[in-house]
Amino acid sequence: MSRPLSEASRASLWRALTPALSLGIVLFFPVVARAEPHELRSDVHVDAALALGLVGAAATLTATEGGFAPSRCRWCDEDAEGRDTRNAADRAVRAALVRRDTTIAARVSDIYGLALVPASMIGMTMLAAADERAIGKTPVDLLIVSEAVGLAVTTTQITKFLAARQRPYVHELPPAERDGPGAAGDRYFSFFSGHSAFTFALATSAGTVASLRGYRAAPFVWGVGLTLAASTAYLRIAADKHYFTDVLVGILVGSASGLAVPLLHGRVRGSTADGAPRVNDVMTLGASF
């Protein structure tokens with residue numbers, strides 16, 4: 001049976017999530033606050049091919065990770081004598097948040113990350129457009145979201161292969177049990193968190209698209225998306241699948257992809273008195289990040 005979080009653990013959870021949530025407020029609020037609708041620049045053929053390529057690469061790397069996973073860790077969090085070399089933040093957050101029964105947290109994180117967040121963001125993107133009587137814009141909106149997610153997940157999977165970091169639960173096993181016949185193929189794929197990158201890319205790209213479109217429901221897209229994504233990130237630590245630094249980098253990579261890709265589709269609008277193009281102020285805001 002899993003045990004409930006103690007007051008100290010809850011306080012530690014908030015301390016762990018506060019930097020990411022603060023970063024979200026600082027970066028995302030100016031975009032959310034904007035409510036002037038305008039079109040997004042898109043070539044459906046180019047964007048469809050790009051989305052298909054990125055999502056296909058991400059899916060292929062994810063599906064084949066077990067067969068090509070490193071058999072030894074490169075980032076082992078211990079020295080040659082077996083002494084623990086993990087940083088203080090990773091040790092402290094793990095001690096505070098990991099559950100005694102990690103199975104439930106792992107399953108719920110999969111439900112959140114692989115089902116609830118994608119379904120919510122796709123649904124809310126469509127509902128936000130329908131509320132504006134602009135459902136015809138949904139295919140382009142979803143293509144842009146797909147590009148952002150594909151970019152984030154592809155980056156994640158390549159980094160996992162290169163870093164080969166030992167997962168937290170593997171670090172706790174006796175050395176003789178880490179590479180046995182029943183060992184998980186992804187045991188050295190801790191850095192960085194794919195669930196965190198995936199869900200934050202979904203949340204931020206859907207939110208940014210809704211804000212750029214000027215949809216009235218944009219704040220709700222942001223609120224639901226970021227809440228579910230943050231919950232998924234927490235659950236990956238609770239399940240002992242990732243360290244705090246794995247999750248934090250996943251949040252940053254996913255958020256960067258989710259912001260950058262829609263902002264690159266921001267349309268150049270109008271012209272100056274001398275005929276030079278005037279860049280949309282949303283794109284200017286994005287460049288300032």
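What follows draws every value from the coordinates through simple rules; no lab data is involved. Values in this document were obtained by computation on a predicted structure and should not be read as measured data. When we count neighbours, we look across all protein chains shown, and the Cβ atoms used for this are built from the backbone with ideal geometry, even at glycine.
Measuring from a point 7 Å past the Cα of residue 84 along Cα-to-C-beta, which residues in the range 150-181 have an amide N at less than 17 Å?
In the range 150-181, the label zone of residue 84 (backbone N under 17 Å from the point 7 Å along Cα→Cβ) covers 166-175.
Can you tell me how the range 36-151 classifies by the Cα gyration tensor, rounded, prolate or oblate, using a/c under 1.5 as the rounded cut?
In terms of gyration-tensor shape, prolate.
Roughly how many Å is it from the Cα centre of the range 132-168 to that of the range 226-265, as a whole number?
Each part reduced to its Cα centre gives a spacing of 11 Å.
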